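As structure tokens, the structure follows; a few thoughts come after it.
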Amino acid sequence: SKALFELAEKNNLLDDLEKESIILLNLVRNSEELQNFINTPIYKKAEQINAFVVILVRSGIKKLLQDFCKVLIMNRRLSIIEMVIEQFLEYNLLRKGEKKLELISAYKLTKNQISEIKEILGKRLNKKIIIEEKIDSSILGGLIIKFDSYMYDSSIKAELEELGSLAKLALSEV
């Protein structure tokens with residue numbers, strides 16, 4: 001992924017490659033058929049290259065990312081394409097001074113709430129914040145914020161679990 005980033009940077013193609021990478025990532029994540037094709041080792045390399053290039057061309061993905069995928073196929077490493085693209089996108093965010101985080105809430109937050117969270121975290125991390133919002137009603141309320149290896153969990157579910165653990169501990173001491 002670093003090699004892909006450096007190659008794109010050298011050729012002034014980072015913005016284009018970012019768009020193409022998101023397209024490819026969505027293709028891989030949303031197609032069980034494509035995932036099976038990527039992870040099944042029964043295809044000959046030439047067959048896999050030809051078929052994959054057709055998919056890439058039809059999706060508007062240009063030569064640099066096509067060639068990179070060909071190298072992965074030749075080395076029987078296409079199965080790591082999702083991870084490689086995620087790392088490339090992370091490098092590109094760092095280049096732009098941005099940080100992507102996952103924000104989980106029990107219900108859809110308002111634009112004002114999201115803006116406030118972006119502002120607070122942006123100041124704390126000294127980066128522009130990109131939020132990937134997810135809804136999980138099982139957390140009951142509060143928020144879970146994840147980025148890198150950090151997770152801040154202020155959900156009601158977590159608080160209840162902690163209280164339950166404390167109650168069990170207290171009962172076991174009686």
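Give me the residue from the stretch 1-25 that is under 13 Å from the mean Cα position of the chain (by Cα) and of a type in the set (A, V, I, L, M) and, out of that set, nearest to Cys69 (Cα to Cα).
Per the criteria, the residue is Leu24.
Which of (1) touching a helix residue (DSSP H, G or I) at 6+ places or on another chain (Cβ under 6 Å); (2) assigned to a loop (DSSP other than H, G, I, E, B) does Lys157 not meet, given it meets every other one?
(2)
Would you tally the residues in the stretch 99-150 being among the aliphatic types (A, V, I, L, M), in a helix (DSSP H, G or I) and farther than 25 Å from Glu86 by Cβ? Don't jump to the end; show me each part of the working.
We begin by selecting, within the stretch 99-150, every residue among the aliphatic types (A, V, I, L, M); these are 101, 103-104, 106, 109, 114, 117, 120-121, 125, 129-131, 135, 139-140, 143-145.
Restricting the remaining residues to those that are in a helix (DSSP H, G or I) gives 114, 117, 120-121, 125, 139.
Then drop every residue that is not farther than 25 Å from Glu86 by Cβ, which leaves 120.
Matching residues across the stretch 99-150 total 1.
Could you list, in sequence order, the residues of the stretch 5-48 that are of a type in the set (D, E, K, R) and open to solvent by 90 Å² or more (accessible area, probe 1.4 Å)?
Just the residues of the stretch 5-48 that are of a type in the set (D, E, K, R), to begin with: 6, 9-10, 15-16, 18-20, 29, 32-33, 44-45, 47.
Matches in the stretch 5-48: Glu6, Glu9, Lys10, Lys19, Arg29, Glu32, Glu33, Lys44, Glu47.
Does any residue in the stretch 7-25 that is among the charged types (D, E, K, R) come within less than 9 Å, Cβ to Cβ, of a residue that is open to solvent by 80 Å² or more (accessible area, probe 1.4 Å) six or more places away or on a different chain, and which pairs are these?
Listed by first residue and then by second, the contacts come to Glu9/Arg95; Asp16/Lys62; Glu20/Lys62.
Which ones in the stretch 91-109 are of a type outside the set (A, V, I, L, M) and open to solvent by less than 70 Å² (accessible area, probe 1.4 Å)? Can you show your working first?
Step one: of the stretch 91-109, the residues of a type outside the set (A, V, I, L, M) are 91-92, 95-100, 102, 105, 107-108.
Scanning the stretch 91-109 gives Asn92, Gly97, Glu98, Lys99, Glu102, Ser105.
Every residue, every condition in (1) at pLDDT below 95; (2) closer than 16 Å to Met83 by Cβ; (3) of a type in the set (Val, Ile, Thr); (4) in contact with a strand residue (DSSP E or B) (Cβ under 9 Å, 6 or more places away or on another chain), yes or no:
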position	(1), (2), (3), (4)
Leu4	yes, yes, no, no
Glu9	yes, no, no, no
Leu13	yes, no, no, no
Ser21	no, yes, no, no
Thr40	yes, no, yes, no
Tyr43	yes, no, no, no
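So is Ile55 among the hydrophobic types (A, V, I, L, M, F, W, C), open to solvent by 40 Å² or more (accessible area, probe 1.4 Å) and in contact with a Gly (Cβ under 8 Å, 6 or more places away or on another chain) or not?
Values: among the hydrophobic types (A, V, I, L, M, F, W, C): yes; open to solvent by 40 Å² or more (accessible area, probe 1.4 Å): yes; in contact with a Gly (Cβ under 8 Å, 6 or more places away or on another chain): no.
No: the conditions fail for Ile55.
List, please: which pairs have Cβ atoms under 8 Å, are six or more places apart or on different chains, and start with a residue in the stretch 39-51 that is part of a loop (DSSP other than H, G, I, E, B) and end with one that is open to solvent by 100 Å² or more (accessible area, probe 1.4 Å)?
As it stands, the answer is Pro41/Arg76, since those pairs meet every condition given.
Considering only residues of the stretch 116-165 that are polar (S, T, N, Q) and exposed (fewer than 13 other Cβ atoms within 10 Å of the Cβ), which is farthest from the chain's Cα centre (by Cα)?
Going through the stretch 116-165, the residues polar (S, T, N, Q) turn out to be 126, 137-138, 149, 154-155, 165.
Keeping just the survivors that are exposed (fewer than 13 other Cβ atoms within 10 Å of the Cβ) gives 126, 137-138, 149, 154, 165.
Details: Asn126: 21, Ser137: 21, Ser138: 22, Ser149: 13, Ser154: 22, Ser165: 32 Å.
The extreme case among them is Ser165.
For the stretch 26-35, name all the residues that are over 13 Å from the mean Cα position of the chain (by Cα) and free of Cβ contacts under 8 Å to residues at least 24 places away in the same chain. Give the derivation first.
If we filter the stretch 26-35 for residues that are over 13 Å from the mean Cα position of the chain (by Cα), which is where we start, we get 27, 30-35.
Asn30, Ser31, Glu32, Glu33, Leu34, Gln35 - these are the residues of the stretch 26-35 that are over 13 Å from the mean Cα position of the chain (by Cα) and free of Cβ contacts under 8 Å to residues at least 24 places away in the same chain.
The values are calculated or read from the model by the stated rules, or taken from the named source; none is laboratory data. In this text, all values refer to a predicted model and were calculated from it rather than measured experimentally. When we count neighbours, we look across all protein chains shown, and the Cβ atoms used for this are built from the backbone with ideal geometry, even at glycine. Surface accessibility is based on the protein's heavy atoms, side chains included, excluding ligands, DNA and RNA. Shrake-Rupley method; radii C 1.70, N 1.55, O 1.52, S 1.80 Å.
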